[in-house]
Amino acid sequence: MASPYPDGDREKVASKLPSALQQQLKVRAAELALDIQEAVEAAITDWRAVERPGFEVETAGAKSFSTWLPPGLYEDFKTTCTDRGVSYTQGLAQSIRDWLDAHPSPQDGVPTTEPERKIVCNQKGGVGKTTISAGIAEVEAETPGVGAKCLRDFIDDITSTELERLARTRDQLLDLVSGYSAGGRRVLLVDYDPQLHLSKQLGIDPIPVGEESLVSHMTGEAHGDIRDLIVTIDEPRFSGRLHVLPGTRAGFLLDSKLALTAAQSRGFQKETALERALHPLEADYDVIVIDSPPSLGLSMDAGLYYARRRPNEKPGRSGVLIPVQSEDSSADAYDMLDSQIQDLEDDLHLHIDRLGIVVNLFDSRRGYIATSSLEEWHALDDETVIGVLDDLKEQRETVRLKRPLLAYVPESKQANLMRLIVAGAGK
Ligand SMILES: Nc1ncnc2c1ncn2[C@@H]1O[C@H](COP(=O)(O)OP(=O)(O)OP(=O)(O)O)[C@@H](O)[C@H]1O
Ligand SMILES: [Mg+2]
């Protein structure tokens, strides 16, 4: 629908656009000091100039959107939509998506010395926190360039069943991985779980109780340098870039130690304890991945706080990644974790980005229970399913052999699914 602009040189256009795109458009136009109408005009003009067959943008739930365009442009746009067989809403969504991609935020290029911080958590045990923490850390640290090729080959051969599980088309996946840049990064994997599974699975000795560890650095009892605790994974694929901060059984007392220290020392903040402890090594890393224990106590608040969006940090760069299973008890556990995150955000006035959900150990033989539950994960409003993993034998073998997955079977399905998780996290 179009009506004349008050000063006569533009006409009002009323259409629909998904609210996420409306929001991004508003922010990006402001960042680039443009009017929204100028941005939309450029977006539509560029979109009409080049056809991209197969390109589609999710428009379910699009909301009313209006702006002002030069006379005639909207009519021309509608003709192009008809010629390309897409709805006006789809045409506008494609125009804006392309324009956003072609006009990145000035923040994107701002060099930062702060590492990306990703916490993998769920208080439900055995859902895959350790498996996924290690997997994504390895993907970020592997030889640069090789992962992108493995991933493209994997998507070329992906089955329709896999696509259905991920609720994506092949083209959407190819689009997702088109700017894939993981690999070659300096990565720290933190074993934040006193069960020590991560350390043990990678063949690393845990830190004995009584010695300085992440726990004593968090409670302010340590005197040494936290960097002295770091162990390097010795596999050619990571060329010295993948490091581990080993766990300690002393972590079983971390919640009570944090509470006690806060009670005894004025000014000690429990939630910032992990940030203070890891601060001295941040400059050495591009990515820090934290493998959490299956709990929801004070130590988890400190972990979630550490993964919050920092001032000027790009949305989706740091945040929480949640492995779940396709069953009802996982949904209950998710609801509790979700409330804890929201409470922390409200209480401390901060924002914790949701990087996505990974549905792990998916077993289609469980029929309706598994498939209906997967549908429910896909239907969550604030989360995206960024991976669906079956029970794969290579994963169990790596644990038995105490070797990183990407060193043992770098071209396996499991390795590529880990790359896909990294590609989709925070998008
Ligand atoms: N996709 C998979 N295929 C095969 N085995 C898997 C897969 N995911 C996890 N496992 C195995 O299942 C077990 C539990 O996984 P993991 O240790 O990653 O879960 P967790 O959430 O970290 O558990 P916890 O809460 O005890 O820390 C491990 O033995 C792991 O090797
Ligand atoms: Mg674990």
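Spin-label model, L253 to D332: label points 7 Å out along the Cα-to-beta-carbon direction sit 3.3 nm apart. Measuring nothing but how far apart in sequence close Cα pairs (under 8 Å, 6+ apart) lie, relative to its length, the stretch 2-105 scores a relative contact order of 43 percent. Fully extending the segment from E211 to V50, taken as 0.36 nm per residue of separation minus the present Cα-Cα distance, adds 51.6 nm. With R₀ set to 30 Å, the beta-carbon distance separating D346 from E114 gives a calculated FRET efficiency near 0.80.
If I take every Cα pair under 8 Å that is 6 or more residues apart in the stretch 40-193, average their sequence separation and divide by the length, what percent do I get for the relative contact order? Write out the running numbers ahead of the final one.
Working: 94 pairs, mean separation 38.4, N = 154.
Relative contact order comes out at 25 percent.
Amide H contacts under 5 Å for Y192: D291, restricted to partners 5 or more places along the chain or on a different chain, H placed in the peptide plane at 1.01 Å from N.
The phi-based Karplus calculation (6.51 cos²θ - 1.76 cosθ + 1.60; θ = phi - 60°) puts the 3J(HN,Hα) values of the stretch 49-58 at 6, 10, 8, 10, x, x, 6, 9, 10, 5 Hz, whole numbers, x for Gly and Pro. The calculated FRET efficiency for D9 paired with Y368, based on their beta-carbon distance and R0 = 45 Å, is about 0.15.
Give me the tail of P(r) for the stretch 2-105 as a percent: Cα-Cα pairs with distance above 24 Å. Of all Cα-Cα distances in the stretch 2-105, 16 percent exceed 24 Å. By how many degrees, between 0 and 90 and to the nearest 10, does the Cα long axis of helix 146-156 differ from the longest principal axis of the chain? Roughly 60 degrees, rounded to the nearest 10.
Under a 5 Å amide H cut-off, with hydrogens placed 1.01 Å from N, F65 pairs with S15, K16, L17 among residues at least 5 apart or on other chains.
For the chain, the longest principal axis of the Cα atoms and the long axis of helix 413-424 meet at an angle of about 60 degrees.
Figure legend: label point modelled 7 angstrom from the Cα of V146 along Cα→Cβ; residues of the stretch 401-416 with amide N under 16 Å from it are 403-416.
Taking a spot 7 Å from the Cα of I230 along the direction of its beta carbon, which residues of the stretch 279-299 have an amide N less than 15 Å from it? Within reach of a label on I230, which here means backbone N under 15 Å from a point 7 Å along Cα→Cβ, the stretch 279-299 contributes 279-290.
For the pair A42 and T169, a Förster radius of 30 Å applied to the C-beta separation gives a FRET efficiency near 0.65, rounded to the nearest 0.05. In order along the stretch 158-175, the phi-based Karplus estimate (6.51 cos²θ - 1.76 cosθ + 1.60, θ = phi - 60°) of 3J(HN,Hα) comes to 5, 8, 5, 5, 5, 5, 4, 4, 7, 6, 9, 8, 4, 5, 5, 5, 4, 4 Hz; Gly and Pro are listed as x. The translational diffusion coefficient of the chain, from Stokes-Einstein at 10 °C and 1.306 mPa s with a Kirkwood hydrodynamic radius over alpha carbon pairs, comes to 68 µm²/s.
Taking the Cα centre of the chain as reference, the dipole from Cβ charges on Lys and Arg (+1) and Asp and Glu (-1) amounts to some 540 debye.
Across the stretch 328-427, C-alpha contacts under 8 Å between residues 6 or more apart give a mean separation that, scaled by the residue count, equals a relative contact order of 28 percent.
Using only DSSP helix segments of four residues or longer, with each worth -39500 (n - 2.57), what per-residue ellipticity at 222 nm results for the chain after dividing by its residue count and rounding to 500?
-13000 deg cm²/dmol
How many angstrom lie between the C-alpha centres of the stretch 234-270 and the stretch 368-397? A separation of 30 Å, based on Cα centres.
Scalar couplings 3J(HN,Hα) for the stretch 200-214, obtained by applying the Karplus form with A = 6.51, B = -1.76, C = 1.60 to θ = phi - 60°, are 5, 5, 9, x, 9, 5, x, 8, x, 4, x, 8, 5, 8, 4 Hz; x denotes Gly and Pro.
Compute the long axis of helix 254-264 from its Cα atoms, compare it with the longest principal axis of the Cα atoms of the chain, and write down the angle in degrees, 0 to 90, nearest 10. Rounded to the nearest ten degrees, it is 90. The fraction of Cα-Cα pairs per 10 angstrom bin, counted from 0 for the stretch 251-384, comes to 10, 36, 32, 16, 5, 0 percent, rounded to whole percents.
Residue separation of S181 and T159 scaled by 0.36 nm, minus their Cα-Cα distance, works out to 5.5 nm of gained length. The label point for A263 and the one for D381, both projected 7 Å from the Cα toward the Cβ, are 3.9 nm apart.
Here, each number is a calculation from the coordinates, and none is a lab measurement. Values in this document were obtained by computation on a predicted structure and should not be read as measured data. No Cβ is skipped: glycine too gets one built from the backbone with ideal geometry, and neighbour counts run over all protein chains shown.
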